[in-house]
1. Would region B:101-113 turn up any residue that is hydroxyl-bearing (Ser, Thr, Tyr) and in contact (Cβ under 8 Å) with a residue 24 or more places away in the chain?
2. Based on this model, can you work out whether A:Tyr361 counts as open to solvent by less than 40 Å² (accessible area, probe 1.4 Å) and over 30 Å from A:Ile485 (Cβ atoms)?
3. Scan region B:125-165 for residues that are open to solvent by less than 10 Å² (accessible area, probe 1.4 Å), within 7 Å of chain A (Cβ to nearest Cβ) and under 19 Å from B:Val232 (Cβ atoms) and jot them down.
4. What number of residues in region B:78-104 are closer than 24 Å to B:His237 by Cβ and open to solvent by less than 20 Å² (accessible area, probe 1.4 Å)?
5. Which of (1) in contact (Cβ under 8 Å) with a residue 60 or more places away in the chain; (2) closer than 23 Å to A:Gly465 by Cβ; (3) facing chain C (nearest Cβ under 9 Å) is the odd one out, the single condition A:Ile379 does not satisfy?
6. I'd like the residue in region B:65-77 that is modelled with pLDDT under 90 and crowded, with 19+ Cβ neighbours inside 10 Å and, out of all such residues, is nearest to B:Ile267 (Cα to Cα).
7. Within region A:317-368, take every residue that is without any contact (Cβ under 8 Å) to a residue 24 or more places away in the chain and in a helix (DSSP H, G or I) and give me the one that is nearest to the chain's Cα centre (by Cα).
8. Of the residues in region C:112-129, how many are more than 7 Å from chain A (Cβ to nearest Cβ) and open to solvent by 20 Å² or more (accessible area, probe 1.4 Å)?
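The values are calculated or read from the model by the stated rules, or taken from the named source; none is laboratory data. Remember, it's a predicted structure, so these values are computed and weren't measured experimentally. Cβ atoms come from the backbone with ideal geometry, glycine included; neighbour counts cover every protein chain shown. Quick note on the areas: whole protein, heavy atoms, side chains included, nothing else; ligands and nucleic acids left out. Shrake-Rupley method; radii C 1.70, N 1.55, O 1.52, S 1.80 Å.
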Amino acid sequence: MATDTTTDDGFGQVSRVKGVVFEYLTLAASLLGIVSLAILLSYVSYDAFGLDAAAPAWYVVFLLTLVAPSAGFLWYVRDRSTVRSSISGVLSVILGGTLVALGLVVVLSIIVGPDVWFAHSLFILGPTLALLGYARYVDDSAVWAGTAAGVWLFVGAVLTAIDDLLLVFGQQLASPFDLVTMPEELLLQAAILLGTPGVYFLTVLVPAVVLADRYVASRSNDRRGHSLAVALVLVTFAAVPLVDTVPAVSRGSWLLVVVGFLTPLGVYVALNAADSDSRLGLAFPLVVLAGLFAGRLVVDVLGVARPEPWFDWQLLTSSASATPADAGLYPAIIGSVFIIVLVAVFTVVFGVGAAVFLEEYASSSGPVGKVTRFIQVNISNLAGVPSVVYGLLGLALFLRLLGMGAGTVIVAALTLSLLILPIVIISAQEAIRSVPDDMRQAGYGMGATRWQVIKTVVLPEALPGILTGTILALGRAIGETAPLILIGIASFVTWAPDGVFSRVTAMPMQIYGWAFYPDPGFRHGVVPAGVITLLAVLLAMNSVAIFVRNRYERST
Amino acid sequence: MSKDVTQDPETDSEKLISTDVSTDDADGDVPDESQVRTVIESQDLDVFYGDTQALQSIDLEIPARQVTAMIGPSGCGKSTFLRCINRMNDLIDIARVEGELLFEGKNVYDDDVDPVALRRRIGMVFQHPNPFPKSIYDNVAYGLKIQDKTENLDQKVEQALKRAALWDEVKDRLDESALDLSGGQQQRLCIARAIAVDPEVILMDEPASALDPIATSQIEDLIEELAEEFTVVIVTHNMQQAARISDKTAVFLTGGELVEFGNTNEIFENPESERVEDYITGKFG
Amino acid sequence: MSDEAQTPDLSGGRGFQTVRERLYHALFFVCALLSVLTTLAIVIALLTEALGFFAEVPVLDFLTGTRWSPTIRPVEYGVLPLVFGTVMVTLGAAALALPVGLLTAIYLSEYASPRVRSILKPALEVLAGIPTVVYGFLGLVYLTPALSVIFPSISTFNILSGSIIVGIMIIPMVSSISEDAMSSVPDSLRNASYGLGATKFEVSTTVVVPSAVSGIVSSFILAISRAIGETMAVVIIVGAQANLPEASSIGGLPFVSPTSLFDQFLEPGMTMTVAIVNLAVGDIATQSLAYQSLFAIGLTLFAITLIMNLISDLVAQRYREEY
């Protein structure tokens, strides 16, 4: 059989030495990149959290109070998949909820402003939701309601846009529109009377709590939804005195945190609290939290030297500065969130639209087929174009040709949208392609039109895949820097943007700007802390994407 | 006929089918030829997939309220013919149809025919059970909703499930996912979904081939019952099944040729062509 | 049989629905068209400005010039130093990433248990998900000082560190596409080899890798194209000094000794992407030659990466057809 068969009895042995060496070589290669990155990132964390100041006793204390209990907990549940999935679920909800809360605060209180939000939400969203609710709960046969709601979304937006223009031009044009927009004027006045917390309570918190109630009720048979709703409202009010003691968080922001963070968390807990294994998983964050508090208490009592972290509340809430101790990321964080929200809107609409066309409408033969193939090749090539070239496109198209302002939110959002659109299209196509053809056939066989099949069969099935792909693509957009440099985004902006046409900076731009500062306070302090912030946001986005994907895989 | 329409406006299928047709002969005894109305008729129908011809000049008349079976070896074009009837072949880019296929005397390949409107009157059940990943109720209500027939929705859903002999098994769990049902139940649910909108014809593409013997016999019983109200066209590769449940049988052989068409018992007992006899007795195919 | 009254009306006759269908069809088509418009816009933007540039600076001078100094007098636009810098960074990155990525792919596809694979694959994807500006910072602040222990003569800004970082970044690109190609090698081929008494090592190296070679090559090309277009990490680590090594002449041909070439790795350099960013952060007037030169380099970069992507596509199609 082989040359080195040596014995006569049995089959002998074939040398495996080369094979074993090769196997370990491949294993080492697989780990090389991961380990190198892990080492580099641990240096970053060491700097960001200022661990050099910590006494050895500090490590011992937290090893005992935080690391050991958490690790023990995880080891204890290592073979129970329900507990593990519940742990990863609740962690994803916590991370994702933080992001959603941050997004809500940025969009509703910084970008839109409570009074405008109030007017627009009642003028545009109110009628739309009323129509949809009517069709959903009152009259099942009101099929026209969906279309009407869509039309109203458009009409309402146009009307408010006209209204805004009229306001800008001092309303000297006495026009028939005044009649239409008068209710909105009244609403604006009402909003001022209500105050910011009142507006958010009525237009955001109440709908969110009702929605959470309905959602939980549709998934469970008891009255857990109602208890959740009551608990959320009680917590909202009960915590107000506490919130008032934190100067950086207003009452309005607190309500948005309840909606963005506590409500999803509450829904997840309510849905998983019945099963004992899942309940055990929900306890994991409590173990971590308790460990943190206990460790801190012990350290205080013993008077052990603590680390002096650069990554702290001050970093997240103050503006850019030339002194390391004062420097913060606040304008950059708000700017990044602002840009990403716009990018998400643009790319989801156009990306899913293009994917639907390519997968559901385009035929593969004839002249149309040729066009389709061309578009397809074109998209995959666009995905490979270096990001700096998109920066050149943004520079030539948006700044020079269309004359938009350099370094503004809208230019950044449009440029990054073009950059990640191919990725979104490709991942949405994969999600749509994975919907079994059986389902489409069933729809068509029932006499559904193409749009009906897409709306009722394809999109609901493909939604988790589309969401996952989009979130991952947005993660790419949030870390991009080169295109931002080319469209004139400054790395030193000391205030947060207040509209789509205002100048903005972003987290990666800030890191780039600081990277060359020779001052060790930046080099081994502020910048590592900024890197940790950016990576934390990315981690949160990715864990949400993975959470969505895992849930989807389990359900099919 | 017009009297019938006024008496029974509920059922679409009633309008177009004469009441004097004998329908209770699903066991293969010969109905009176002169009294059976033709619902679907193909005239010189050719189908091509790209350059390959899948069906060659098919002439066929499918009678109302009977079970017509299409049998033949795989690749003979029997499923292709079935999918021509409700124009499901339109969804395949390279498929091309020549000749005429008349539904109630109207060529469904005329320019003014909307395939969607056609499919709303000709239901279809597929080889593998393909319920939507929705609740049992929503599956049956699906067709009614997209066709805006949402008055008395609950009642219609119940009716359809009863006609599909599934009501007793699922009436307490209409809100559960259809994917939790067994394969045979899923297929009956698909049949319920198809008949909920009261089509005139139901096309079945090997509806029992993915099922176990018990589920198969339930489906077969159901098909015989359905033939009292609907025109059923079924494709099967199982000759015993065709013999058991159909009134008429069409035998397709390789190359997309319709070799023989007639009453089921005649075909199985005394086929005209030697090739059909060879196929039926298992010499090839 | 079918008199007038019985002929069914199958025309649909649902005006509302037909209009709705057409509307959605058109909407989705417009969405798909947007990507074509983006490509067109890129090509037009790059071409118009680049043509303006080439009207002033002849193409040949641009391509063969040995000095890049767009803003400091005497102004010269020779792209060769940029090409040299790009090639150096790319070579270094490829020397690291191609073998490591290939071995990783072999491990994932042939040796790893499903459990190990389910941990390793997402971990490798993380390498590609870290923002490049973060990589740049890691290289400048942590890797370069570490390297200076081994190479005391290394500059603060240097090509070597940039190559290593870019190499780490593109490992997952090589490994994931190569692994796809290896996984799609049918098991029957492996079994044929096992049946002849081959060891797992022999099966991997003599059957799987040769069968997947077009996929592997395609992944190499894509990764190199990515390295060429990489911007931020290189901007931060490699610095901005357009260098060409000193060339002696041997038999009329320019010759650079390998040692002096290696020394270049320890020196700062400038790639095409760095040149673009450097021009953009400087204050340059619109329609000036320096502004237009941005687009000339951009066009060069776009053309190189586009061609490489197309080649990679063609090669990849071969392995898809094979199985």
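1. no
2. yes
3. The answer is B:Asn130, B:Gly143.
4. Residues flagged as closer than 24 Å to B:His237 by Cβ and open to solvent by less than 20 Å² (accessible area, probe 1.4 Å) within region B:78-104 amount to 10.
5. Of the numbered conditions (1) in contact (Cβ under 8 Å) with a residue 60 or more places away in the chain; (2) closer than 23 Å to A:Gly465 by Cβ; (3) facing chain C (nearest Cβ under 9 Å), the odd one out for A:Ile379 is (1).
6. Taking region B:65-77 and keeping what is modelled with pLDDT under 90, we get B:72-77.
Checking which are crowded, with 19+ Cβ neighbours inside 10 Å leaves us with B:72, B:76-77.
On the way: B:Gly72: 13, B:Cys76: 18, B:Gly77: 19 Å.
If we take residues in region B:65-77 being modelled with pLDDT under 90 and crowded, with 19+ Cβ neighbours inside 10 Å, then B:Gly72 is nearest to B:Ile267 (Cα to Cα).
7. A:Val345
8. Matching residues across region C:112-129 total 12.
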